[in-house]
1. Considering every residue in B:101-108, what mean count of other chain Cβ atoms within 10 Å of its Cβ is obtained?
2. For chain A, take the longest principal axis of its alpha carbons; what is the angle in degrees between that and the long axis of helix A:347-361, to the nearest 10 within 0 to 90?
3. Rounded to the nearest 0.05, what FRET efficiency is calculated for residue A:204 and residue B:54 with R0 set to 35 Å and r the Cβ-Cβ distance?
4. For chain A, give me the percentage of DSSP beta bridges that are antiparallel, rounded to the nearest 5 percent.
5. Just want to confirm a number: the relative contact order over chain A, from Cα pairs under 8 angstrom separated by 6+ residues, in percent.
6. Measure off 7 Å from each Cα along the Cα-to-Cβ vector at residue A:635 and residue A:530, then give the distance between these two points in nanometres to one decimal.
7. Sort B:66-77, B:51-62, A:38-49 by packing, meaning the average of other beta carbons within 10 Å per residue, with the highest value first.
8. Say each of residue B:69 and residue A:417 gets a label point 7 Å from the Cα, pointing the same way as Cα to Cβ; how far apart are those two points in nm?
């Protein structure tokens, strides 16, 4: 099961504020993929769309998250529940006989071979449940064509589940039988094998908001209806109507298989359409030209008092945007401003606002602005802007591309020049805050949703640039996470993660983290981190990291070595007996189309050795959707159910949802199972995540907001 | 899954992990934690003002001139949102959500002389990716009473009709101009002092 410590948010309301623009948008089937009612269709969602669907008919409930990874490829993660599983059929030989409700996780992939055009239908090939236990397994090819403005016809051929009713033969040979074993295997030998059966249906857009659907289903529900009689499949015909509300959610009502009524809720999130259209609120400071520049006397430009006054003026301006000045240096006609951006969710916007502040404050003799974003006390890149360009391009059409062509992104030293003036009151400094938190425990078959709600105290003491103490503690107020229902049955050498529920249960109050950290930059492209203390709720120790990242390259290389000891379940100061050395070599690559790949190779917490590959689709607005998988030398028997560690992660920034500047984000990591293989240390502030958004590749993608 | 968990899981899957920045030394309940920003600068007292109406949202508010440079006037509202006018033509906005980031617009003289021309608009979609939209425009006298010129502009995605209401001596009294798909039209008229 997955345990997440989270914060309640108005995400759902904000998402539903996205208004549909009145197109006939492809809708989702009960299986959560683009389709009719229970059958898939040849359509796909628009690129980047994230959709969530919850459906229920008879004893079968499905919750599905689907992401349109590229315009042609979509992936889904589904959690389904079949009730009354063992009411009628529960022989001793059946490993699932003890379940009243059978819960299943499945992953799908769909690829659109052809897009719809005047004469050609949209054709999609899909793999359903391709690495799960196999209960939902099926493959299909579906074609959909629109006729006129309101009518869509779908016809397809299915295998596996989709070939179980009305079969027309087995064109590619017999299908190996499904054994509901450990799951988590790619059963390549099964795909498109066995009986194939046709399916099809029609969708009619009666109004802008109301759609009527009818279909012929080729899914016989052999297991659920045939063997176990959880419901009666009287007919292959399904009917439904779906209503898309103004707020963007779609509700569906269906008649299924001649015997059941079904419901569904679908919510779609399109990263290309933010709820507010973009950032609202105050615009930037207008550019002040050299001709109107402040008249600082030559003496005050070169002496400390003048520089302090300039810094204070600039800080008064930038403070309104949550930008803190780390240092300000003057050298000839160049001003170097090192900034800590605490609020804006877009780095080029922070740089643009800083350039405007410099134009406001600096005398006419300063014509070159260098702005250095600082992370954890260390300068990470240097953006050089000519004052002339700032003045000339303020109202130019296509100003973002023009400024990017003229601005330079250069490597920079970790520390400012000796004679630069530091920001005031930055070190030493204590900051702290209290906020509510919500921890959830998902996918426990006995209680799929449990939650704890409480308060979290976070504090940070900055000693010097790059050196700080920090900690966080939580106190549960109310909740029902109780893992004693399902103790870990892991056979791994050490239960390094599978007893997470015990930490959540017994950690009250809990000292989540208490660390001292030191960040440094030995050279222009080399970053280092050392973190020591209680690194995360389950482990304490020392974590060291080295990252090589050149400012203008889309790739980076890092190495991390940690020595850790497993903490007591009460998340206070004590330890268990287990300690280990873990570490990885990591390669990172940020592709131009927004895909971020990461490969980590090394030794995990249980002493297993292997690799993790993760691939994320990232948008310049901060929305990230990705998947990861880990394979190690821990055997499937030792690992247990699921065979290897895998999961998906979704991040949606608050700023995108609300249109207001903030760096907080909603993030979700969904692991179908939390086992002990492929477990990495969760240490905060890893180097790549810290510096990446100030490097050229990501700044280029986000540059549109420079002038905002 | 029991029906009682339907809504719970709905909310559950949308629940958030919070990565917050440190509060500035103040004890504060931080539910969403969005700090409101203050405007960077305020217009001078007595600066010329305009009324800006957003017919799509049904709001009308005053904006005062913050700066005038290079032929462009920046008008700012009390909340700091801004609109840029070159010769009475909207060439940019800030703080309206989907802002018009920059534009190539005709001069008012070109419109008054009813000459065909091109427009280019730059705005960002929800992923902060800049999109360029090119329009071909022509100007005609609008049907109906009064001196109203209609600028009909076509792009591959849309057709828009900007309108300019003139007084007896041919000066623009009021204009209705397209901003972006997210905001729609804005109506601009001078705010008479006193």
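1. Taking the mean over all residues of the peptide, I get 4.
2. Taking Cα atoms only, the helix is inclined about 20 degrees.
3. Efficiency, from the Cβ-Cβ distance: 0.45.
4. Taking every DSSP beta bridge within chain A, about 95 percent pair in antiparallel fashion.
5. Result for chain A is 11 percent.
6. Here the answer is 4.1 nm between the modelled labels.
7. A:38-49, B:66-77, B:51-62
8. Taking the two extended label points, one gets 2.5 nm.
Readers should treat all values here as calculations from the given coordinates under stated rules, not as data from a laboratory. Bear in mind that the values here come from a model prediction, so they are computed numbers and not experimental data. Cβ sites come from the backbone with ideal geometry, for glycine too, and all protein chains shown count toward neighbours.
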